[in-house]
Amino acid sequence: MEISNIVFILVLIGSGSFFAYNVRKIIQNIRLGREENRSDQKKERWKTMIRVALGQSKMTARPIAAILHIFIYVAFVITQIELIEIIIDGAFGTHRFFYESLGGLYTFTISLIEVLSLLALIATFSFLARRNLLKIPRFVKPEMKGWPKLDGNIILYLEFVLVVCIFTMNGTDEVMHRMNYGESYGFAISSWMGPLLFDSLSMDTLVVLERIGWWGHILMVFSFLCYLPYSKHLHIIWAFPNTYFSKLKPKGEFTNMESVKSEVQLMLDPNADPYAVPEVDPNATPQRFGAKDVRDLTWVNILNAYTCTECGRCTSECPANITGKKLSPRKIMMDVRDRVEEVGKGVRKEGDKFDDGKSLIGDYITEEEIWACTSCNACVQACPVNIDPLEIIIDLRRYLVMEESKMPSELATMNTNIENNQAPWQFSPSDRLNWKDEA
Amino acid sequence: MSVLKVPTMAEMMATGDKPDVLFWVGCSGSFDDRAKKITKAIVKILNKCEVKFAVLGAEESCTGDPAKRAGNEFLFQMQAMMNIQVLDGYEVKKIVTGCPHCFNTLKNEYPGLGGNYEVIHHTQLIQDLFKSGKLTVEGGEFKGKKITFHDPCYLGRANDVYEAPRELIQKLDAEFVEMKRCRAKGLCCGAGGAQMFKEAENGNKEINIERTEEALEKSPNIIATGCPFCNTMMTDGVKNFNKENEVEVLDIAELIANASDL
């Protein structure tokens with residue numbers, strides 16, 4: 001075993017462990033959320049996942065982005081096949097381990113990967129242009145300043161370097177193969193592009209370039225793996241569980257809060273003893289009505305936040321955002337993720353008692369934002385990975401209204417009207433049928 | 001104009017009779033002057049087709065929808081459970097309503113609290129009346145008119161009802177045009193989620209203006225919708241552009257009732 005194989009194995013194990021360590025932290029953070037049973041209708045859930053995550057059915061609403069995205073997506077998935085060979089070659093010092101045994105199939109696979117890589121390169125340039133030159137509105141909203149903007153670009157730079165390395169590796173290898181064996185590999189792109197670019201180079205230079213390509217490629221893959229948990233790009237993993245666990249009920253159906261249900265039933269029960277002292281469960285933990293902070297949200301809400309890739313389709317369809325209000329559903333998801341990262345860190349350090357005096361509503365999301373929502377579900381409809389910002393907005397409203405009695409004054413009046421006259425306006429219930437006799 | 005026949009549940013019960021369907025009028029339909037016209041149009045259609053229906057009248061109460069969307073789950077559940085007691089007391093099986101907000105809440109959120117009914121929107125009922133041949137229209141009145149349809153969020157996206165209202169418009173012999181943002185991508189009128197009862201947050205435009213602008217781009221004679229809130233918002237929008245003499249905002253029920261000379 002050579003030193004390069006040892007280095008390779010160490011980098012492989014190192015980046016793999018680092019990735020696993022970070023994913024574990026994220027799973028811990030997701031578990032900070034409240035219980036929510038989404039284990040029903042398994043068949044329907046699998047179908048949703050296959051349709052929406054694997055089949056990317058909701059991407060098609062924007063055809064240009066959908067086509068460019070599918071290039072990178074398919075290239076990414078198919079390239080994983082080549083990764084198997086790279087790991088074997090890297091660990092055992094072989095060269096193109098499957099070349100001999102697979103024959104024509106090998107040529108086909110690598111050719112396919114080359115074509116897809118070229119398409120991915122085109123998509124990468126287009127995406128960089130859309131973000132930085134064309135400045136498509138949804139990529140330059142206020143919440144996209146700073147890190148989120150850089151994050152989006154970093155992924156694309158990595159992608160670019162990765163593809164350049166693949167072609168350097170295959171191109172130089174092609175030239176050397178011809179020199180050594182007098183025959184071509186026959187790969188779709190590198191078999192003609194390689195000689196075109198590298199023919200005049202000496203064997204020594206070719207060997208060095210091929211190694212730079214090979215190592216550059218695999219190091220990009222490992223860097224990508226390490227970077228992923230810090231990036232919005234994590235959607236490539238979470239999109240699958242996220243769509244699997246997404247809401248299957250009609251979009252208009254909001255949850256009926258169980259904690260409220262028992263109270264209301266008691267109030268309306270004619271047989272209930274109004275003076276009875278309720279049985280106290282010593283193990284019960286006091287639960288908030290609605291959500292003040294991320295730990296009051298459900299684990300699905302937090303999984304949603306980690307899945308968000310900040311594409312901004314939600315925000316660009318949001319009627320409140322379109323008309324200049326502060327609300328941006330994407331920002332809601334980004335705030336939840338930022339806050340759960342912070343709380344997660346604190347909880348790992350100080351345990352469940354962690355309290356930094358901050359909360360999701362107030363310190364991250366303002367009341368003005370959540371009251372601007374029309375609950376129209378446009379954001380939910382627009383999300384390509386079935387994220388539901390509306391559920392979070394409503395839970396934040398519930399906290400403000402039921403725990404703090406904080407709401408726009410007109411809504412307080414509306415509530416009073418419903419309580420007193422059974423209508424949101426101040427009309428007498430006995431006048432309900434007056435319309436019948438009016439001209 | 002013939003007199004509307006609007007029996008209440010209590011009256012029917014007193015004669016030992018039962019309706020086939022309960023017409024849930026909703027607060028807008030009961031109290032809002034514009035929405036009352038929609039209510040009457042629905043009743044005219046029901047009367048014409050001799051649908052055996054009843055209303056709750058003074059026994060009807062807010063479904064609790066705006067309270068729930070505004071975060072007041074207590075008030076919502078209080079309203080819901082009281083309504084369920086009334087509905088179950090009358091052994092109601094099927095409900096039709098002219099309000100997509102009531103429709104959504106009754107259909108989706110009441111079952112979890114013990115209220116199980118077959119709930120349909122009035123456009124679905126009217127569609128059924130056409131299918132069974134009880135209702136026909138000549139369409140003459142709307143010949144050559146251009147009609148666009150604004151999807152109510154709580155009918156469309158929230159419950160995937162896109163076809164019923166469109167099929168009904170197609171029956172009118174008019175020219176039907178879709179707005180750019182329609183069906184699942186339809187833009188909200190701005191009054192869902194309890195916005196109907198409050199001022200909008202600061203921004204650079206009102207949502208109903210944005211939506212009306214989009215509708216007016218198609219230069220329609222009529223903006224059709226299927227929700228009393230949408231109706232109010234779009235009517236205000238049209239007035240904002242001083243187009244109220246050229247463009248009418250009408251509910252699907254009104255279109256059908258007018259076309260049938262009811």
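The values are calculated or read from the model by the stated rules, or taken from the named source; none is laboratory data. Bear in mind the structure is a predicted one, so any value in this text is a computation, not a measurement. Quick reminder, even Gly has a Cβ in these numbers, built from the backbone with ideal geometry, and neighbours come from all protein chains shown.
Do we have B:D151 as surrounded by fewer than 19 Cβ atoms within 10 Å (Cβ to Cβ) and not in a helix (DSSP H, G or I) here? I'd like the intermediate steps shown before the answer.
Numbers: surrounded by fewer than 19 Cβ atoms within 10 Å (Cβ to Cβ): no; not in a helix (DSSP H, G or I): yes.
Criteria not met by B:D151.
Is there a residue being out of contact with any Phe, Trp or Tyr (no Cβ under 8 Å at 6 or more places or on another chain) and either surrounded by fewer than 19 Cβ atoms within 10 Å (Cβ to Cβ) or in a helix (DSSP H, G or I) (or both) anywhere in region B:62-72? No; the residues of region B:62-72 include none that is out of contact with any Phe, Trp or Tyr (no Cβ under 8 Å at 6 or more places or on another chain) and either surrounded by fewer than 19 Cβ atoms within 10 Å (Cβ to Cβ) or in a helix (DSSP H, G or I) (or both). If the condition is being within 13 Å of chain B (Cβ to nearest Cβ) and on the phi > 0 side of the Ramachandran plot, then region A:361-386 contributes A:S375, A:N377. When A:M402 is tested against (1) among the hydrophobic types (A, V, I, L, M, F, W, C); (2) over 30 Å from A:K232 (Cβ atoms); (3) surrounded by 22 or more Cβ atoms within 10 Å (Cβ to Cβ), only condition (3) is not met.
For every residue, the table says whether it meets (1) charged (D, E, K, R); (2) closer than 25 Å to B:G203 by Cβ; (3) in contact with a Lys or Arg (Cβ under 8 Å, 6 or more places away or on another chain).
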site: A:D296; (1), (2), (3): yes, no, yes
site: A:K325; (1), (2), (3): yes, yes, no
site: A:K345; (1), (2), (3): yes, no, no
site: A:I361; (1), (2), (3): no, yes, yes
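Can you find even one residue in region B:142-151 that is closer than 19 Å to B:Q124 by Cβ, at the interface with chain A (Cβ under 9 Å from one of its Cβ atoms) and either modelled with pLDDT under 95 or in contact with a Gly (Cβ under 9 Å, 6 or more places away or on another chain) (or both)? No, region B:142-151 contains no residue that is closer than 19 Å to B:Q124 by Cβ, at the interface with chain A (Cβ under 9 Å from one of its Cβ atoms) and either modelled with pLDDT under 95 or in contact with a Gly (Cβ under 9 Å, 6 or more places away or on another chain) (or both).
Annotation: of all residues in region A:291-316 being of a type in the set (D, E, K, R) and farther than 23 Å from B:G71 by Cβ, the one that is nearest to the other protein chains (Cβ to nearest Cβ) is A:R313.
Evaluate region B:109-128: report whether one residue or more is under 17 Å from B:L250 (Cβ atoms), among the small types (G, A, S) and in contact (Cβ under 8 Å) with a residue 12 or more places away in the chain. Scanning region B:109-128, I find no residue that is under 17 Å from B:L250 (Cβ atoms), among the small types (G, A, S) and in contact (Cβ under 8 Å) with a residue 12 or more places away in the chain, so the answer is no. Pairing each residue of region B:20-33 that is farther than 14 Å from B:N231 by Cβ and more than 9 Å from chain A (Cβ to nearest Cβ) with any residue that is part of a loop (DSSP other than H, G, I, E, B) and of a type in the set (D, E, K, R), provided the two are 6+ apart or on different chains, yields C-beta distances under 6 Å for B:D20/B:K52.
Residues in region A:397-439 that are in contact (Cβ under 8 Å) with a residue 60 or more places away in the chain and more than 8 Å from chain B (Cβ to nearest Cβ): how many? Reasoning before the result, please.
To start, the set of residues in region A:397-439 that are in contact (Cβ under 8 Å) with a residue 60 or more places away in the chain comprises A:397-403.
Subsequent filtering for residues that are more than 8 Å from chain B (Cβ to nearest Cβ) retains A:403.
Result for region A:397-439: 1.
Selection within region B:43-72: residues that are within 11 Å of chain A (Cβ to nearest Cβ) and among the β-branched types (V, I, T). The member of this set that is farthest from B:A194 (Cα to Cα) is B:V43.
Which residue, of A:K145, A:K149, A:K141, is in contact with a helix residue (DSSP H, G or I) (Cβ under 9 Å, 6 or more places away or on another chain), without any contact (Cβ under 8 Å) to a residue 24 or more places away in the chain and charged (D, E, K, R)? Don't jump to the end; show me each part of the working.
Working: A:K145 fails: in contact with a helix residue (DSSP H, G or I) (Cβ under 9 Å, 6 or more places away or on another chain); A:K141 fails: without any contact (Cβ under 8 Å) to a residue 24 or more places away in the chain.
So the residue among A:K145, A:K149, A:K141 that is in contact with a helix residue (DSSP H, G or I) (Cβ under 9 Å, 6 or more places away or on another chain), without any contact (Cβ under 8 Å) to a residue 24 or more places away in the chain and charged (D, E, K, R) is A:K149.
Would you confirm, using the coordinates I've provided, whether B:Q77 is touching a residue at least 12 places away in the same chain (Cβ under 8 Å), over 29 Å from A:E438 (Cα atoms), within 12 Å of chain A (Cβ to nearest Cβ) and not hydrophobic (A, V, I, L, M, F, W, C)? Taking the combined requirement at face value, the residue satisfies it. Condition check for A:A284 on (1) free of Cβ contacts under 8 Å to residues at least 12 places away in the same chain; (2) aliphatic (A, V, I, L, M); (3) crowded, with 18+ Cβ neighbours inside 10 Å: one failure, at (3).
Can you tell me which residue among B:M234, B:M196 is within 23 Å of B:R34 (Cα to Cα) and either within 10 Å of chain A (Cβ to nearest Cβ) or at pLDDT below 95 (or both)?
Only one candidate passes the filter, namely B:M196.
If you go through region B:156-165 one residue at a time, do you hit one that is touching a residue at least 60 places away in the same chain (Cβ under 8 Å), away from chain A (no Cβ under 12 Å) and over 30 Å from B:A14 (Cα atoms)? Within region B:156-165, one or more residues are touching a residue at least 60 places away in the same chain (Cβ under 8 Å), away from chain A (no Cβ under 12 Å) and over 30 Å from B:A14 (Cα atoms).
For the condition touching a residue at least 40 places away in the same chain (Cβ under 8 Å), under 19 Å from A:F97 (Cβ atoms), buried (at least 17 other Cβ atoms within 10 Å of the Cβ) and not small (G, A, S), A:I166 qualifies.
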